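What follows is one structure encoded as structure tokens, with my remarks underneath.
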Amino acid sequence: MTHLGGFGDDPANRPDGDAKAAALEIADAVDGLTDLWLLAAQEARLRLSLQQLRALRVVAAEPGLNLTTLAERLEMGLPTASRLCDRLEAAGLLERVLHPRKRREVQLSLSAQGRQVLDEVAGRRAQGLAEVLEAMEAADRAALRRGMRAFRAVRDAGAPHPHGPDRT
């Protein structure tokens, strides 16, 4: 969590709309969402690490991508990405197929089982999140949704990223 001490002079407790204070509060909320995400992955019929789950999501979003592209998307070295794919393929979640026109290139895609596991994890994540949201007041849920839409609109419009351009 972002806040380690008591409430005292914690800037996140100031109601002045300070962007830094809001960022600290949101970082705490993201930690909670990450916990929900990891729990959903661990409760799936096949236990997946966060890296395995991320790899499956990237391949699902870009079927047919090659190993180099996957390594770039996951921000890891090629040998690490290759070993990750080896494990996912051995588990029956990922398929490697030779590119039809580039004989030295392998395309990656989810297997039917990989798609099922990813759907199961997404369903568990949504259920966990729904349980938290149901415990919130309706007005707070509506405010959160408005805030998330506003955040996405600004981010999608090209707000600067702290680690360089275009690293969404």
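The values are calculated or read from the model by the stated rules, or taken from the named source; none is laboratory data. This structure is a prediction, so every number in the text was calculated from the model and none was measured. As a convention, Cβ positions derive from the backbone with ideal geometry for all residues, glycine included, and neighbour counts pool all protein chains shown. The area values use the complete protein model at the heavy-atom level, side chains included, leaving out ligands, DNA and RNA. Shrake-Rupley method; radii C 1.70, N 1.55, O 1.52, S 1.80 Å.
Is it fair to say Ala27 is closer than 30 Å to Ala81 by Cα, in a helix (DSSP H, G or I), modelled with pLDDT of 80 or more and hydrophobic (A, V, I, L, M, F, W, C)? Explain how you work it out, then say what you get.
On the way: closer than 30 Å to Ala81 by Cα: yes; in a helix (DSSP H, G or I): yes; modelled with pLDDT of 80 or more: yes; hydrophobic (A, V, I, L, M, F, W, C): yes.
Criteria met by Ala27.
Going by what's in this entry, would Ser111 be described as touching a strand residue (DSSP E or B) at 6+ places or on another chain (Cβ under 6 Å) and closer than 25 Å to Leu38 by Cβ? Spell out how you get there, then give the answer.
Numbers: touching a strand residue (DSSP E or B) at 6+ places or on another chain (Cβ under 6 Å): yes; closer than 25 Å to Leu38 by Cβ: yes.
Yes, satisfied.
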Mind counting the residues in segment 39-54 that are in a helix (DSSP H, G or I) and open to solvent by less than 60 Å² (accessible area, probe 1.4 Å)?
4
